[in-house]
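Presented below is the structure to which this report refers.
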Amino acid sequence: MQTVIFCGHPDLSESGSHQFMKAAVPKEIPFIEMAEHMDSAMIQAAQQQVLAAKRIFLQFPLYWYQAPGVVSNWITAVLTDDFLDNYHHHLQGKELGVLISIGVPLKHYRDGGREDVTLSELLSPYKTLAHALGMTYLPPFILEQHGYSTDRMKRYQLIAFKEHLDLPANPTFSQRSHWLVQQLQSIANEKGDNYPGLPLQLIADEWKERLDDLAMIERDLPKSSWR
């Protein structure tokens with residue numbers, strides 16, 4: 001297991017934003033709903049999933065500038081003193097990220113803005129948690145006002161979400177482009193080359209050829225003395 005998502009939403013079935021993200025998660029990535037009350041078997045299962053994963057995401061809506069209570073309860077129940085005493089070395093080097101939804105425009109979360117606070121400040125406890133555990137904190141994924149988004153914007157959100165799950169933090173243009181080629185090829189193989197009415201394999205091959213050309217040009221460019 002490389003990636004796991006733990007979702008803390010008090011009413012997941014009624015949330016369009018989080019159903020959208022859940023549906024976009026590849027089938028090979030476990031999507032696990034946090035429970036309000038966890039027995040010992042559930043806690044041990046979550047601990048084993050944390051240990052088995054390289055990349056761990058906490059998914060939740062931002063309610064009144066914080067995560068729902070189920071998220072903090074889950075952290076307290078799973079990351080116990082005994083667990084950390086025995087396995088803290090196994091957590092070092094893993095990646096921790098958050099996948100959140102917000103109901104107001106992102107531009108409101110800034111100093112002097114309507115909310116007068118940044119999302120970095122609100123999410124700082126998770127960055128601190130990652131640091132305390134020796135983990136790498138990933139840039140957050142923010143799903144902004146999904147319910148008000150147009151179909152075109154939702155397609156953009158879908159691509160951005162899938163990229164966030166698959167690619168390393170702060171991916172380069174080359175990494176994003178090769179990822180897109182792989183996605184096109186995968187859809188072409190699964191749905192057929194003309195789905196939906198587009199020669200996907202041809203598009204993927206053409207884009208990959210252009211990327212190869214760019215890579216050759218980059219290799220031939222003179223390098224600066226500081227590179």
Set ALA130, ALA160: member being in contact with a strand residue (DSSP E or B) (Cβ under 6 Å, 6 or more places away or on another chain), modelled with pLDDT of 85 or more and assigned to a helix (DSSP H, G or I):
ALA130
Among the residues listed as LYS107, LYS27, the single one being of a type outside the set (A, V, I, L, M, F, W, C) and either touching a Ser or Thr at 6+ places or on another chain (Cβ under 8 Å) or under 20 Å from GLN145 (Cα atoms) (or both):
LYS107
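Just a yes or no: is a residue in the range 108-117 under 21 Å from the mean Cα position of the chain (by Cα) and modelled with pLDDT of 95 or more?
Taking every residue of the range 108-117 in turn, none turns out to be under 21 Å from the mean Cα position of the chain (by Cα) and modelled with pLDDT of 95 or more.
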Taking the range 38-66 and keeping residues over 19 Å from the mean Cα position of the chain (by Cα) and of a type in the set (A, V, I, L, M) leaves MET38, ALA41, MET42, ILE43, ALA45
Can we say ILE102 is at pLDDT 95 or above and touching a Phe, Trp or Tyr at 6+ places or on another chain (Cβ under 8 Å)?
no
Matching residues in the range 14-70 - criterion: being in contact with a Gly (Cβ under 7 Å, 6 or more places away or on another chain) and surrounded by fewer than 14 Cβ atoms within 10 Å (Cβ to Cβ):
GLY16
Give the residues of the range 17-35 that are farther than 15 Å from TRP74 by Cβ, in contact with a Cys (Cβ under 9 Å, 6 or more places away or on another chain) and hydrophobic (A, V, I, L, M, F, W, C), sorted by residue number.
MET21
Every pair of residues 6+ apart whose Cβ atoms lie under 9 Å, when the first sits in the range 10-29 and is over 13 Å from LEU158 (Cα atoms) while the second is part of a loop (DSSP other than H, G, I, E, B)
PRO10/GLU36; PRO10/PRO68; SER15/HIS9; GLU28/MET1; GLU28/GLN2; ILE29/MET1; ILE29/GLN2
Does any residue of the range 120-136 turn out to be surrounded by fewer than 17 Cβ atoms within 10 Å (Cβ to Cβ), in the same structural domain as ALA53 (by TED's automatic domain parsing) and acidic (Asp, Glu)?
yes
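The values are calculated or read from the model by the stated rules, or taken from the named source; none is laboratory data. Since we're looking at a predicted model, the values are computed, not measured. Glycine also receives a Cβ, built like all others from the backbone with ideal geometry; neighbour counts cover every protein chain displayed.
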